[in-house]
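Asker: Mind looking over this structure? Questions follow.
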Amino acid sequence: MNTTILESSKNNNQKIKLDFKESKYATGRRKKSIARVWVKKGTGKIYVNGKEMNKYFKRPVHQILVVRPLQEINAPTDYDVKCNVKGGGLSGQAGAIIHGLSRALVSFDTSLKKSLKKNKMTTRDSRKVERKKYGRRKARRSFQFSKR
């Protein structure tokens, strides 16, 4: 019984080999995350770091975010997507995938640029974490004031 459990866990951890030879490539960035995205015509499968998107992003909010560019162009099942993401947290990684995916879709078909740009998906979100300053508790929050 224990051997079957071990074999099934090995199969889950095994990375999926995908053929993306005739695909378009783009890079997306958000906060500290960098996503390398490949897009090709297919059936709507999305793989992130060798796993299916639903297994990598557990929270439904992140899953909805990643699929947004495909829903904007009304083609959620027309393209297969492969992403390699590193750095940052899950929210930053989801944002980086959105940026990279929309750029790859534009390079695939330039007529999609207008709808994606209107929804600000092709523009990099330049907001980053502000650094902590000395004499303060955080970047802008000061220490608690004591009159006496």
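The values are calculated or read from the model by the stated rules, or taken from the named source; none is laboratory data. Being a predicted model, the structure only gives us computed values, none of them experimental. Backbone-built Cβ (ideal geometry, glycine too); neighbour counts: all protein chains shown. Just the protein is used for accessible areas: all its heavy atoms, side chains included, with ligands, DNA and RNA removed. Shrake-Rupley method; radii C 1.70, N 1.55, O 1.52, S 1.80 Å.
Asker: Could you list all residues from segment 97-148 that are touching a Ser or Thr at 6+ places or on another chain (Cβ under 9 Å), in a helix (DSSP H, G or I) and among the charged types (D, E, K, R)?
Answerer: Residues satisfying the conditions are ARG103, LYS113, LYS117.
Asker: Answer yes if at least one residue in segment 75-87 is in contact with a helix residue (DSSP H, G or I) (Cβ under 6 Å, 6 or more places away or on another chain), over 14 Å from GLY28 (Cα atoms) and assigned to a helix (DSSP H, G or I), and no otherwise.
Answerer: No: zero hits.
Asker: Suppose we keep only residues that are surrounded by 17 or more Cβ atoms within 10 Å (Cβ to Cβ) and either in a strand (DSSP E or B) or at pLDDT 90 or above (or both) within segment 1-30. Which one would you say is farthest from the chain's Cα centre (by Cα)?
Answerer: Step by step, filter segment 1-30, then rank; the result is LYS24.
Asker: Kindly evaluate SER102 against the criterion of being open to solvent by 30 Å² or more (accessible area, probe 1.4 Å) and either in contact (Cβ under 8 Å) with a residue 24 or more places away in the chain or within 16 Å of LYS40 (Cα to Cα) (or both).
Answerer: The answer is no for SER102.
Asker: Take the residues in segment 48-74 that are outside any loop (DSSP other than H, G, I, E, B) and among the hydrophobic types (A, V, I, L, M, F, W, C); name whichever of them is nearest to LYS114 (Cα to Cα).
Answerer: If we take residues in segment 48-74 being outside any loop (DSSP other than H, G, I, E, B) and among the hydrophobic types (A, V, I, L, M, F, W, C), then LEU70 is nearest to LYS114 (Cα to Cα).
Asker: Restricted to segment 118-140, and to residues that are in contact (Cβ under 8 Å) with a residue 40 or more places away in the chain and either within 18 Å of the chain's Cα centre (by Cα) or surrounded by 12 or more Cβ atoms within 10 Å (Cβ to Cβ) (or both), which residue is farthest from ILE73 (Cα to Cα)?
Answerer: By that ranking, first place goes to LYS128.
Asker: Name the one entry in ILE98, ILE73 that is at pLDDT 90 or above and in contact with a Leu (Cβ under 7 Å, 6 or more places away or on another chain).
Answerer: Sole residue among the options that is at pLDDT 90 or above and in contact with a Leu (Cβ under 7 Å, 6 or more places away or on another chain): ILE98.
Asker: Could you tell me how many of the residues in segment 105-117 are open to solvent by 90 Å² or more (accessible area, probe 1.4 Å) and of a type in the set (Val, Ile, Thr)?
Answerer: 1
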